[in-house]
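Some notes on the structure that comes next.
The numbers here are math on the coordinates, done by the rules we state, and not lab data. Here the structure is a predicted model, which is why all the values come from computation and not from measurement. Don't worry about glycine lacking a Cβ; one is built from the backbone with ideal geometry, like all the others, and counts go over all protein chains shown.
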Amino acid sequence: MNNFSTIKLHSKLFESIKPKLRWDGITDIEKHKEKCESKLMELLGFDTFKECDDNLQILSKDRINGNNHIHFIVQTEEDYYANCHLLLPDEIDCKLPLCVGLQGHVSGAHLSLGIKKYDYDEVYLAEQHSDFCVQAVNNGYIGLAIEQRAFGDNTGREKAGGTNCAYSAMGAIIQGRTLIGERVWDVKQVVKAVKKHFDDIITMENSVLIGESGGGTATFYSACLLDDFSIYVPGVALCTFKDSIIDKEHCVCNYIPNIAKYFDMGDLAVLIAPKKLIVVSGLYDKWFPIDGAKKAYDQIEQIYKAQNAENNCAMIIGEYDHRSYPEETWAQIHKMLNNN
């Protein structure tokens, strides 16, 4: 039968791709890492980013649900600022570890603070458990929410309380950069500013970077390129490219031009190991199907074993769909940090 579907064609073509930078298990892994890091930075468009003064400005200080809240902005590129929120326990007697939470395709970073701004936010908080900063404070951390580009207050859709990724992602791609790269860059620059300006209350010892869905994707790529955190927790984002962004319709911000020529998602673990990594997946996640997630994690596990770091990676499979699993996740975070 004649095929008229470009989707079917692309899916079939993808099956024949063999990533050029897949580690063969023989080549010296440290030398291989150098090649992979250089290529990933190129694919993400890191050559288009420039350092700048952080120009951190505190916009407000108030209280949210019994905790202290600081809203501030950081200049991550010249003339571009990221909205950021610190959530702190009522009393701080010593420096506390930092937990950065990255939201996915929801209404914005306010959810990390447990704030309901739009009608559907109740579902995000009650069912998807998107209140990363609240969870952080409850677990002995200072929570930091970074509004990701094209989400929430950083040019999301104000009326709908949603995201505006396609427009921003295409604007990045046409200039040789990517929205994923921009989001990783923002994490890098914001954390650098926070370490500088809030050094009296924050320590990076036992620090955590955690994200959900699109935030999990940014967390995963941050784990590849950043060394700031003690542990990285990409949630409901890991999967083979074939099982997720090829065979499922996704937002444009998930796509990195030409990446499949060099890596599948699991291959990128060569840039993460031996850093501590907890992958969270949902058993019935329709966007990042569990079979594809397990395949990608199998690759990750092999790479960690090759570096004698198998105790530094773990996979959590939640019993529901595309959401966070805070109880299981925080138990694993504490276990992994306490055992090393």
Full-extension gain in nm, Ala306 to Lys117, via 0.36 nm per residue minus C-alpha separation
63.4 nm
Given unit charges at Cβ for Lys, Arg (+) and Asp, Glu (-), the dipole magnitude of the chain about its Cα centre in debye, nearest 20, is 900 debye
Among His334, Ser324, Ile303, which residue has its Cα furthest toward the positive end of the charge dipole of the range 35-338, with +1 on Lys/Arg Cβ and -1 on Asp/Glu Cβ?
Ile303
Take Ile26 and Ala126, extend 7 Å from each Cα along the Cα→Cβ direction, and tell me the distance between the two endpoints in nm.
5.8 nm
Backbone HN-Hα couplings from phi across the range 131-146 [Karplus 6.51/-1.76/1.60, Hz, Gly and Pro as x]:
8, 4, 5, 5, 4, 4, 4, 5, 10, x, 10, 9, x, 10, 9, 10
What is the sum of charges, Lys and Arg at +1 and Asp and Glu at -1, for the other residues whose Cβ falls under 14 Å from the Cβ of Lys12?
0
Cut-off 15 Å (backbone N to label point 7 Å along Cα→Cβ of Ala160), residues of the range 227-251
250-251
What is the calculated FRET efficiency for Asp291 to Asn65, with r their C-beta to C-beta distance and R₀ = 56 Å, to the nearest 0.05?
0.90
Under Karplus coefficients 6.51, -1.76 and 1.60, residue-wise ³J(HN,Hα) of the range 284-299 in Hz, glycine/proline x:
10, 6, 7, 8, 10, x, 4, 4, x, 5, 5, 4, 5, 5, 4, 5
Near Glu327, within a Cβ-to-Cβ distance under 15 Å, what is the net charge of the other residues, with Lys and Arg +1 and Asp and Glu -1?
-3
Going highest first, how would you order 13-25, 179-191 by mean Cβ packing within 10 Å?
179-191, 13-25
Across Lys50/Lys276; Lys95/Lys196; Lys117/Lys248; Lys116/Lys242; Lys192/Lys248, pairs whose alpha-carbon gap is larger than 25 Å:
Lys50/Lys276; Lys117/Lys248; Lys116/Lys242; Lys192/Lys248
Computed [θ] at 222 nm, helices only, for the chain once each DSSP H run of length n ≥ 4 contributes -39500 (n - 2.57)
-10000 deg cm²/dmol
Residue by residue, what Karplus-based ³J(HN,Hα) values in Hz, rounded to whole numbers, does the range 162-179 have, using 6.51, -1.76 and 1.60 with θ = phi - 60° and x for Gly and Pro?
x, 10, 9, 6, 4, 4, 5, 5, 5, x, 6, 4, 5, 9, x, 10, 9, 5
Which far-off residues, 5 or more places away or on another chain, put their amide H under 5 Å from the one on Ser107, with H placed in the peptide plane?
none
Report, by chain and number, residues whose modeled amide H sits under 5 Å from the one on Ile316, excluding near sequence neighbours (fewer than 5 apart, same chain).
Val279, Val280, Ser281
For Lys196 and Cys94, FRET efficiency with R0 = 22 Å and r from the beta-carbon atoms, rounded to 0.05?
0.70
What are the residues whose amide H is under 5 Å from the amide H of Cys251, where those residues sit 5 or more places off or on another chain and H is modelled from the backbone?
none
Report the calculated FRET efficiency for Ile174 and Lys18 (r = Cβ-Cβ distance, R0 = 35 Å), to the nearest 0.05.
0.75
Once you've got the GNM for the chain with C-alpha springs shorter than 10 Å, pick whichever of Asn258, Asn68, Asn164 has the biggest mean-square fluctuation.
Asn258
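If we sort 167-176, 56-65 on the protection proxy, mean other Cβ atoms within 10 Å, highest first, what's the order?
With the highest mean Cβ count within 10 Å placed first, the list reads 167-176, 56-65.
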In whole angstrom, note down how far apart the Cα centers of the range 42-58 and the range 78-102 are.
19 Å
Excluding Asp54 itself, calculate the net charge of residues whose Cβ lies under 12 Å from the Cβ of Asp54, where each Lys or Arg counts +1 and each Asp or Glu counts -1.
-1
